[in-house]
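*Asks:* Shown below is the structure under consideration.
The values are calculated or read from the model by the stated rules, or taken from the named source; none is laboratory data. These numbers were taken from a predicted model, which means no experiment stands behind them. Note: ideal-geometry Cβ built from the backbone for every residue, glycine included; neighbour counts use all protein chains shown. Heavy atoms of the whole protein, side chains included, go into the accessibility calculation; ligands, DNA and RNA do not. Shrake-Rupley method; radii C 1.70, N 1.55, O 1.52, S 1.80 Å.
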Amino acid sequence: MTLDPKLELLIILFAISVVVWLALIIYRGRLAREEEDQVFLGTTPERLTEKDRAIMKRVARLSTPIWIVGVLMVLLLLASICLWVYQGLMA
């Protein structure tokens, strides 16, 4: 069984979006893991809290691209399913 080129393209784009979404999720998790869970008053240098602020800023900046790629991924999946059903009904 051969796939229609349009359906094949949608499936490939969906697979790429899944890979990008997973890479962003993994990257955000690795960044969040570097953040300190505890701050000891008086013993933590100011540089450490600046590092934590920078990490939190990068993690917060990643939430928008993760959301956008996630929505794109769902739309591509729905478009693929709709096209597949349409082609099945027309055959």
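*Asks:* Under 8 Å between Cβ atoms, at least 6 apart or on separate chains: pull out the pairs that start in the stretch 1-27 with a residue that is over 15 Å from Val74 (Cβ atoms) and in a helix (DSSP H, G or I) and end on any residue that is aromatic (Phe, Trp, Tyr) and open to solvent by 90 Å² or more (accessible area, probe 1.4 Å).
*Replies:* Close Cβ pairs (under 8 Å, with a partner that is aromatic (Phe, Trp, Tyr) and open to solvent by 90 Å² or more (accessible area, probe 1.4 Å)) amount to Leu7/Trp84.
*Asks:* Just a yes or no: is a residue in the stretch 52-72 modelled with pLDDT under 80 and not polar (S, T, N, Q)? Outline the logic, then answer.
*Replies:* So the first thing to find is which residues in the stretch 52-72 are modelled with pLDDT under 80, and the list is 52-53.
Narrowing the set further to residues that are not polar (S, T, N, Q) leaves 52-53.
The answer is yes, given that some residue of the stretch 52-72 is modelled with pLDDT under 80 and not polar (S, T, N, Q).
*Asks:* List pairs: first residue in the stretch 57-78 and closer than 16 Å to Leu31 by Cβ and open to solvent by less than 90 Å² (accessible area, probe 1.4 Å), second residue charged (D, E, K, R) and modelled with pLDDT under 95 anywhere in the structure, Cβ distance under 6 angstrom, at least six positions apart or on different chains.
*Replies:* Pairs that qualify, where the first residue is closer than 16 Å to Leu31 by Cβ and open to solvent by less than 90 Å² (accessible area, probe 1.4 Å) and the partner is charged (D, E, K, R) and modelled with pLDDT under 95, are Val59/Arg28; Leu62/Arg28.
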